[in-house]
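Everything on this sheet refers to the single structure shown next.
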Amino acid sequence: MTNKEALFRYAVRMGDNSLVLGHRLSEWCGHGPQLEEDIAQANIALDLIGQARNYLTYAGEVEGKGRSEDDLAYLRTDREYLNVQLVELHKGDYAYTIARSFLFDAFHLALQQALTTSTDERLSAIAEKAVKEVTYHLRHSSEWLIRFGDGTDESHERAQNALDDLWRYTGELFVPDEAEEVLAKAGVVPDLADIRAEWSATVDRVLKEATLKRPEDGWMARGGKKGIHTEHLGPMLAEMQTLQRTYPGVEW
Amino acid sequence: MSENKEEALFQAKVDAEQKIEPKDWMPDAYRKTLVRQISQHAHSEIVGMLPEGNWITRAPSLRRKTILLAKVQDEAGHGLYLYSAAETLGTGRDEMVDQLLSGKAKYSSIFNYPTLTWADIGAVGWLVDGAAIMNQVMLCRTSYGPYARAMVRICKEESFHQRQGYDILVTLCKGTPEQKAMAQDALDRWWWPSLMMFGPSDKDSPHSAQSMKWKIKRQSNDELRQTFIDRTVSQAEFLGLKIPDDKLKWNEETQHYDWGEIDWAEFFDVIKGNGPCNKERLTARQKAHADGAWVREAAMAHAEKKMKQKAA
Amino acid sequence: MSNEKDWPLWEIFIQSKRGLDHKHVGSLHAADAQMAVENARDVYTRRNEGNSIWAVLAEHIHASKPEDQEAFFDPADDKVYRHPTFYPMPEGVKYI
């Protein structure tokens, strides 16, 4: 895999992660548990979709075939989506949404911080902006997870169940694919082992305060990074892409 | 001070265009009217998130997706500002929300119509927000201070809403014949319900006269509706769309458009609950509220634990 | 419908720019102070309006009463000597 191919795949992955999670969070808009929280979650979704646009635009430029952010978002099949499976899972109840966001945000922040020093100028510029956003996302999801863990019996149980369910999707975050290996070797992206250490520390710190138990590492799902997804992604993309697919090639 | 004297002083303040503030003496009926009107207005913003939210996950480009999400989020914010304003009158948000969820409180009937195509998102922004803005601009000068201040904030934010809707339609009308037909179809379905948003005709509007005297309202339903029509016709012409009213015609003498007749039977039917989506809208709000109950409780329980720890 | 109690009400004050006063912008509900500040960030500073946020529990605000208005504020009316314009300066005096 050439550096250019690797960079394309990497930018697509980063864009897909943000887009798919942003889409999932946007599903809460109008249905949140409290008006204030509805607004907060929409802000986070907006940040993520904004990041996705930056990454997909960049991916299109790296590829050099004239594909735009929308071509990449709306005209790829689920087998061409390269996000980790964690972000595509359904929105679930609010504990599930918060626990998923937390597990991803803790990873995302460590990664974006490392990317600010990337030798690739575009990646570091995008990270510069994203770090500020993701710092807030992690703060939001951590605080809510602590509220749930340390709230009522019901909220504790829901949060623990969510963590137990989601845990098997965290392994994939730290297993590099070929693109990540190529770029890490070239010093463009960080070594995922370092990110894992940081992630793990954040998880321990927050779960402790939340009085929640860190699940045991068992079997870990993987495949998202090479386009093998769960059954959740297909329907989500079918919904998202409906207009672009039904009326090909028109302006919206 | 006697009630009569208080009332005379109150009216004098209103007449002198002084704002009434939360702790001021005010007639009970003024307070009640305001709570009813402001909470209905707040409910409308919240229920109004649903028909548009319906398209966030299907918006046809990432740009449109972010715009729509930001817009629907704004509606949540506007609902919140309005609940806040109503709360200064001594009614809690929980009480107002309960009235909405039990079906006792009303909200704008327009949100009981379905958004069937992407062009509907354009039409809602252009027409529904356009009609709402007419009302809201008037309410920036309403006599109750917190309500007026909330409206000023809302109007500032709302200005992009109508434009983004019109922008969607401009794009569709410049597009393929299919896209243009989509836009026309949306206009056909949203035109009359939008005109109904201004409420019953002045002669049939029971609360209007008193609200005008108290300067809660500053312009009548019919006046606002006429201004809206006068402004919107040329916008439709620019799009090359036909407003679905055969009687619509410029009147040189009155310097206004003449237009047809609103189907008031439909209007009152939808208010009574017999609109296409009344049940769905209420069910969605009830579900969000019920599903969120444990979340709100958990946050409170955690906050109380923290307080105790701090005190100990 | 429900007996559940709503989160407490907080009054929000925003400083839009360094050096300016914090100004009351409205209120919101939050379970605790930290959440109040964050909710204020999401609700009241979506368009770059904010530089700093204060959140105060609404019940902790004490206000003067409208019926005290005359006794409180009218006595200041005739104290014109508190204003610089009360003192005519002789022609030619500068920097005062």
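Out of the total accessible area of segment A:87-233 (probe 1.4 Å, heavy atoms of protein only), what percent is carbon and sulfur? Provide the component values of the computation, followed by the final result.
Working: 3060 of 6220 Å².
About 49 percent, which is the carbon plus sulfur part of the accessible surface.
Computed with a 1.4 Å probe over protein heavy atoms only, the accessible area of B:Arg296 comes to about 10 Å². The calculated FRET efficiency for the pair B:Ser102 and B:Cys155, based on their C-beta separation and a Förster distance of 41 Å, comes to about 0.85. Sequentially through segment C:38-47, phi angles give Karplus couplings (6.51, -1.76, 1.60; θ = phi - 60°) of 5, 4, 4, 4, 6, 8, 10, 10, 5, 10 Hz, Gly and Pro residues having no value and appearing as x.
Got the relative contact order for segment A:11-130 handy, in percent, Cα pairs under 8 Å and 6 or more residues apart?
Numbers: 120 pairs, mean separation 34.2, N = 120.
Relative contact order here is 28 percent.
In loop segments of segment A:62-106 as defined by DSSP, the trypsin sites (Lys or Arg not before Pro) with at most 12 further C-beta atoms inside 10 Å of their C-beta are A:Lys65. Each of C:Ser16 and B:Asp222 was given a label point 7 Å from its Cα along the Cα-to-Cβ line. The distance between the two points is 4.0 nm.
Here's how it looks for C:Ser52: its modeled amide H is under 5 Å from those of C:Gln15, which are all 5 or more places away or on a different chain. Residues in the protein assembly as shown average 46 Å² of solvent-accessible surface per residue, probe 1.4 Å, ligands and nucleic acids excluded. Per residue of peptide A:137-150, the mean number of Cβ atoms on other chains within 10 Å of the residue Cβ is 3. Summarising the amide proton neighbourhood of C:Leu9: residues at separation of 5 or more, or on other chains, whose placed amide H is nearer than 5 Å comprise C:Ala58. Mean partner shielding of peptide A:239-247, defined as the number of other chain Cβ atoms within 10 Å of each residue Cβ, is 4.
Take the accessible area of chain A alone and of chain B alone, subtract that of the pair, and you get about 4000 Å² summed over both chains, using a 1.4 Å probe. With all pairs of different C-alpha atoms in the average, the Kirkwood value for the hydrodynamic radius of segment A:3-246 is 18.1 Å. Could you pull out which residues in segment B:20-64 have an amide N less than 18 Å from a spot 7 Å beyond the Cα of B:Lys174, following the Cα-Cβ vector? Answer for segment B:20-64: B:60-64. Placing unit charges on the Cβ atoms of the charged side chains and taking the dipole of chain B about its Cα centre, the candidate lying farthest along the positive direction among B:Gln73, B:Ala132, B:Cys173 is B:Gln73. Legend: distances between Cα atoms for B:Lys71/C:Lys17; B:Lys180/B:Lys242; B:Lys19/B:Lys213; B:Lys104/B:Lys217; pairs beyond 21 Å are B:Lys71/C:Lys17; B:Lys104/B:Lys217. The phi torsions of segment B:71-88, fed into the Karplus equation with coefficients 6.51, -1.76 and 1.60 and a -60° offset, translate into couplings of 5, 5, 4, 4, 4, 4, x, 5, x, 5, 4, 6, 4, 4, 4, 5, 5, 5 Hz, rounded to whole numbers, with Gly and Pro shown as x. Spatially, segment B:101-120 and segment A:205-252 are offset by 31 Å when compared through their Cα centroids. In a DSSP loop and with at most 16 other Cβ atoms within 10 Å, the chymotrypsin sites (Phe, Trp or Tyr not before Pro) in chain C are C:Tyr95.
The values are calculated or read from the model by the stated rules, or taken from the named source; none is laboratory data. Note that the structure is predicted; figures quoted are calculated from it, not measured. Glycine also receives a Cβ, built like all others from the backbone with ideal geometry; neighbour counts cover every protein chain displayed. All accessible areas refer to the heavy atoms of the entire protein, side chains included, with ligands and DNA or RNA removed. Shrake-Rupley method; radii C 1.70, N 1.55, O 1.52, S 1.80 Å.
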